[in-house]
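A short worksheet on the structure shown next.
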């Protein structure tokens with residue numbers, strides 16, 4: 001007899017579990033070797049804690065009351081619970097803190113799209129290191145993680161979360177017009193983006209420059225091309241990205257990093273550098289992260305921070321696709 | 001690189017555009033039953049327009065061409081919309097029976113219109129954004145039929161020439177949104193095959209403006 005489980009969840013049977021466990025252990029070993037101690041937090045938090053991360057986007061999709069009427073939430077990501085953990089357990093400690101985790105997170109799904117409601121993530125958080133060094137260190141850990149997963153062809157996109165906020169401010173696009181421009185950016189609708197910029201009263205030339213900017217991705221030559229497109233906000237963003245990229249180059253770690261001025265993350269707490277991970281064998285993003293310098297402050301500890309998370313099921317899919325490719329199959 | 005090509009109403013003009021961009025689509029114009037065509041520089045995968053977002057989102061096709069109507073109806077798909085290709089122009093309209101005030105009366109006396117459509121999300125979003133309540137009736141086939149036999153007070157449908165409406169004694173009451181063909185890309189392909197996609201985008205942009 002078949003007893004169904006909720007859509008977007010699944011059972012893991014021994015053959016898959018063996019491979020998944022191997023991947024998990026390898027990742028945790030890499031994190032630990034670099035000084036990131038593993039932590040665990042409860043799957044349920046107070047809703048107030050999850051909402052503090054970002055009221056709109058990181059808010060949990062599953063909320064319920066406990067026996068005394070408190071509103072609880074199933075965690076929708078691990079960065080916010082770890083920010084909470086650091087603020088309450090290490091308040092009087094000596095930063096920086098290096099922590100890693102392996103945990104399930106919960107998201108809403110759209111029906112019949114093969115999306116997972118329960119998502120296994122492995123990642124690190126570096127809290128209290130200086131921004132420039134912190135970003136570089138996190139990218140290096142991510143590279144080591146991709147290496148140990150055997151994803152030699154994987155690419156890390158490096159962008160800047162503040163670029164468009166600052167650029168729109170500079171162009172004088174505010175309030176509702178700004179939100180609708182950011183919405184087009186977030187959905188990567190370039191046709192709509194240009195239209196909305198024009199509606200917001202920006203000249204045709206500047207609007208087209210803005211659209212071109214979102215299409216700049218590649219090596220360090222991208223920064224030169226962006227500089228040519230001009231503006232103080234662009235200048236600030238490329239100097240931040242350039243600094244990180246040069247440091248990576250100095251350490252010989254820029255090989256799989258792609259600068260991407262069109263990069264956006266949908267979580268509202270990011271500031272400065274943002275990351276995304278791709279593998280040519282799969283059409284989905286394998287993970288992401290970035291700097292979240294303002295988040296710790298919301299928990300009462302003024303520390304800069306950065307981290308990333310890999311979606312383990314997708315990394316596992318990429319491993320299988322890459323090994324098939326290695327065998328010459330498709 | 002794999003390009004998802006829409007069969008149906010957009011097929012002919014899509015092939016014309018590809019020809020203008022320097023690709024040879026003669027093979028697709030024959031009566032071949034094949035779905036996949038290898039031409040120099042591109043693999044063309046033909047499918048229903050409404051399947052294009054599915055193939056491109058998953059990465060089974062790197063890039064694709066489909067109508068903005070399809071993209072709006074499937075707005076939760078993660079795709080890069082790179083170009084407005086300008087052809088395949090059509091419009092979504094709210095239509096009701098000619099010379100009949102049923103739609104207005106339902107709105108006034110029942111506080112709610114019953115709207116038949118095969119594009120439920122577009123219809124829902126439109127009425128929500130204009131502050132009106134509707135009861136949505138989803139139908140698959142000829143939407144024009146619905147109000148003629150009393151299923152619903154009006155319809156939301158794509159209108160190209162307006163002839164189908166006229167022949168069924170329906171008239172346009174409100175214009176909702178205009179749509180054209182769009183060039184879309186997979187999120188990962190857009191990053192990892194940047195040079196190829198930028199080159200194809202430039203070619204298509206030039207060809208579509210000719």
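Taken over the range A:303-330, residues that are part of a strand (DSSP E or B) and closer than 16 Å to residue A:147 by Cβ amount to 2.
For the residues A:275, A:248, the requirement of being within 26 Å of residue A:191 (Cα to Cα) and touching a residue at least 60 places away in the same chain (Cβ under 8 Å) singles out A:275. What residue, among those in the range B:2-44 that are in a strand (DSSP E or B) and more than 14 Å from every other protein chain (Cβ to nearest Cβ), is surrounded by the fewest Cβ atoms within 10 Å (Cβ to Cβ)? Filtering first and then ranking leaves B:38.
Residues of the range A:195-221 being facing chain B (nearest Cβ under 10 Å) and either farther than 21 Å from residue B:68 by Cα or crowded, with 20+ Cβ neighbours inside 10 Å (or both), which ones? Passing the criteria: A:214, A:216, A:217, A:218. Of the residues making up the range A:289-300, not a single one is within 14 Å of chain B (Cβ to nearest Cβ) and touching a helix residue (DSSP H, G or I) at 6+ places or on another chain (Cβ under 6 Å).
Taking the criterion of being in contact with a strand residue (DSSP E or B) (Cβ under 9 Å, 6 or more places away or on another chain) and at positive phi, the residues of the range B:150-204 that qualify are B:152, B:162, B:169. Summed over the range B:45-75, the residues that are touching a strand residue (DSSP E or B) at 6+ places or on another chain (Cβ under 8 Å), assigned to a loop (DSSP other than H, G, I, E, B) and within 18 Å of residue A:187 (Cβ to Cβ) give a count of 0.
Taken over the range A:286-324, the residue count meeting the criterion of being touching a residue at least 24 places away in the same chain (Cβ under 8 Å), touching a strand residue (DSSP E or B) at 6+ places or on another chain (Cβ under 7 Å) and closer than 20 Å to residue A:258 by Cβ is 11.
Out of all the residues in the range B:173-190, which are crowded, with 17+ Cβ neighbours inside 10 Å and in contact with a helix residue (DSSP H, G or I) (Cβ under 9 Å, 6 or more places away or on another chain)? Answer for the range B:173-190, where residues must be crowded, with 17+ Cβ neighbours inside 10 Å and in contact with a helix residue (DSSP H, G or I) (Cβ under 9 Å, 6 or more places away or on another chain): B:176, B:179, B:180, B:181, B:182, B:183, B:184, B:185, B:186, B:187, B:189, B:190. The residues in the range A:172-186 that are over 17 Å from residue A:162 (Cα atoms) and either at pLDDT 90 or above or surrounded by 13 or more Cβ atoms within 10 Å (Cβ to Cβ) (or both) can be counted, and the count is 1. From the list B:184, B:188, the lone residue that is in a strand (DSSP E or B) and in the same structural domain as residue B:43 (by TED's automatic domain parsing) is B:184.
From the list B:78, B:70, the one residue that fits, being away from chain A (no Cβ under 13 Å), within 30 Å of residue A:282 (Cα to Cα) and modelled with pLDDT under 95, is B:70.
Number of residues in the range B:81-96 that are in a strand (DSSP E or B) and either more than 14 Å from chain A (Cβ to nearest Cβ) or farther than 20 Å from residue B:121 by Cβ (or both) equals 10. Tell me, yes or no, whether the range A:77-92 has at least one residue that is over 22 Å from the mean Cα position of the chain (by Cα), modelled with pLDDT under 95, closer than 21 Å to residue A:309 by Cβ and buried (at least 16 other Cβ atoms within 10 Å of the Cβ). The answer is yes; a qualifying residue exists.
Among the residues of the range B:138-168, those identified as outside any helix (DSSP H, G or I) and farther than 14 Å from residue B:94 by Cα are B:138, B:139, B:140, B:141, B:142, B:149, B:150, B:151, B:161, B:168. Scanning the range A:224-254 for residues that are more than 14 Å from every other protein chain (Cβ to nearest Cβ) and surrounded by fewer than 21 Cβ atoms within 10 Å (Cβ to Cβ) yields a total of 21.
A quick yes/no check of all residues on (1) in contact with a helix residue (DSSP H, G or I) (Cβ under 9 Å, 6 or more places away or on another chain); (2) under 28 Å from residue A:171 (Cβ atoms); (3) outside the structural domain of residue A:105 (by TED's automatic domain parsing):
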site: A:232; (1), (2), (3): yes, yes, yes
site: A:235; (1), (2), (3): yes, yes, yes
site: A:251; (1), (2), (3): yes, no, yes
site: A:269; (1), (2), (3): yes, yes, yes
site: A:283; (1), (2), (3): yes, no, no
site: A:307; (1), (2), (3): yes, no, no
site: A:311; (1), (2), (3): no, no, no
site: A:315; (1), (2), (3): yes, no, no
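The values are calculated or read from the model by the stated rules, or taken from the named source; none is laboratory data. Predicted model, so just to flag it, every value in this text is computed and none were measured. No Cβ is skipped: glycine too gets one built from the backbone with ideal geometry, and neighbour counts run over all protein chains shown.
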